[in-house]
1. Being open to solvent by less than 60 Å² (accessible area, probe 1.4 Å) and more than 16 Å from Ile108 (Cα to Cα) narrows it down to one residue among Ile39, Ile28, Ile68; which is it?
2. Working only within region 1-52, note down all residues that are among the polar types (S, T, N, Q) and either assigned to a strand (DSSP E or B) or over 12 Å from His95 (Cα atoms) (or both).
3. Please tell me if Lys50 is open to solvent by 50 Å² or more (accessible area, probe 1.4 Å) and out of contact with any strand residue (DSSP E or B) (no Cβ under 6 Å at 6 or more places or on another chain).
4. Residues in region 107-118 that are open to solvent by 40 Å² or more (accessible area, probe 1.4 Å), modelled with pLDDT under 95 and assigned to a strand (DSSP E or B): how many?
5. Can you tell me how many residues in region 10-20 are surrounded by 13 or more Cβ atoms within 10 Å (Cβ to Cβ) and out of contact with any helix residue (DSSP H, G or I) (no Cβ under 6 Å at 6 or more places or on another chain)?
6. Have a look at Phe65, Phe37 and point out the one that is touching a Gly at 6+ places or on another chain (Cβ under 7 Å) and modelled with pLDDT of 95 or more.
7. Being of a type outside the set (Gly, Ala, Ser), outside any loop (DSSP other than H, G, I, E, B) and without any contact (Cβ under 8 Å) to a residue 40 or more places away in the chain is the filter; apply it to region 53-65 and report the residue that is most open to solvent (accessible area, probe 1.4 Å).
8. Within region 73-106, how many residues turn out to be part of a loop (DSSP other than H, G, I, E, B) and either open to solvent by less than 20 Å² (accessible area, probe 1.4 Å) or closer than 20 Å to Ile117 by Cβ (or both)?
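The values are calculated or read from the model by the stated rules, or taken from the named source; none is laboratory data. Remember, predicted model here, so these are calculated numbers, not experimental data. All Cβ positions, glycine included, derive from the backbone under ideal geometry; neighbour counts span all protein chains shown. Heavy atoms of the whole protein, side chains included, go into the accessibility calculation; ligands, DNA and RNA do not. Shrake-Rupley method; radii C 1.70, N 1.55, O 1.52, S 1.80 Å.
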Amino acid sequence: MYRIPKDLDLSKVIGEFATEIRVGQSDIQLALGSVTFTIESQVKLVRDGKVIGNWEFGKWPTEKFYEIMNVCVVKYEVPDERTIIIVLENNIEIHMHDDSDENECIQISINGDAKWII
């Protein structure tokens, strides 16, 4: 809805790992150290350019989400104003998308304080 801001700084996730994946009725939440992503739009797990897992509204995440647990983040990318990619050391990429012009899709919190609403 609001697009990803140009000043988005997710450097705090580098070296962190997923300690929790929480699934709500309309969102999935990923805790990476002090940074929590609450995502209401589709999340894809990609390895070697192929989608290996996904989560979407109203569904349980695929079993591939177990493979992102306790794996360090090596970098993040913001290739465009609608996509955030978190790259893990096992070569899995977590793709989060701002795919709505009407609704908020992603909230990013640091130490429990909402920093960005996308």
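1. Values: Ile39 fails: more than 16 Å from Ile108 (Cα to Cα); Ile28 fails: more than 16 Å from Ile108 (Cα to Cα).
From the options Ile39, Ile28, Ile68, the qualifying one is Ile68.
2. If we filter region 1-52 for residues that are among the polar types (S, T, N, Q), which is where we start, we get 11, 19, 25-26, 29, 34, 36, 38, 41-42.
Hits for region 1-52 are Ser11, Thr19, Gln25, Ser26, Gln29, Ser34, Thr36, Thr38.
3. On the way: open to solvent by 50 Å² or more (accessible area, probe 1.4 Å): yes; out of contact with any strand residue (DSSP E or B) (no Cβ under 6 Å at 6 or more places or on another chain): yes.
Yes: the conditions hold for Lys50.
4. Applying the first criterion (open to solvent by 40 Å² or more (accessible area, probe 1.4 Å)) to region 107-118 yields 107, 111-117.
Adding the requirement that they be modelled with pLDDT under 95 leaves 111-117.
Next, from what is left, pick out any that are assigned to a strand (DSSP E or B): 113-117.
Matching residues across region 107-118 total 5.
5. Summing the residues that are surrounded by 13 or more Cβ atoms within 10 Å (Cβ to Cβ) and out of contact with any helix residue (DSSP H, G or I) (no Cβ under 6 Å at 6 or more places or on another chain) in region 10-20 gives 6.
6. Numbers: Phe37 fails: touching a Gly at 6+ places or on another chain (Cβ under 7 Å).
Phe65 is the lone residue from the list that is touching a Gly at 6+ places or on another chain (Cβ under 7 Å) and modelled with pLDDT of 95 or more.
7. As a first pass, look at region 53-65 and keep what is of a type outside the set (Gly, Ala, Ser): 54-57, 59-65.
Those still in the list that are outside any loop (DSSP other than H, G, I, E, B) too: 54-55, 63-65.
When the remaining residues are screened for being without any contact (Cβ under 8 Å) to a residue 40 or more places away in the chain, the result is 54-55, 63-64.
On the way: Asn54: 47, Trp55: 2, Glu63: 124, Lys64: 59 Å².
Filtering region 53-65 for residues that are of a type outside the set (Gly, Ala, Ser), outside any loop (DSSP other than H, G, I, E, B) and without any contact (Cβ under 8 Å) to a residue 40 or more places away in the chain, the one most open to solvent (accessible area, probe 1.4 Å) comes out as Glu63.
8. Just the residues of region 73-106 that are part of a loop (DSSP other than H, G, I, E, B), to begin with: 81-82, 89-91, 98-105.
When the remaining residues are screened for being either open to solvent by less than 20 Å² (accessible area, probe 1.4 Å) or closer than 20 Å to Ile117 by Cβ (or both), the result is 81-82, 98-105.
Looking only at that region, the number is 10.
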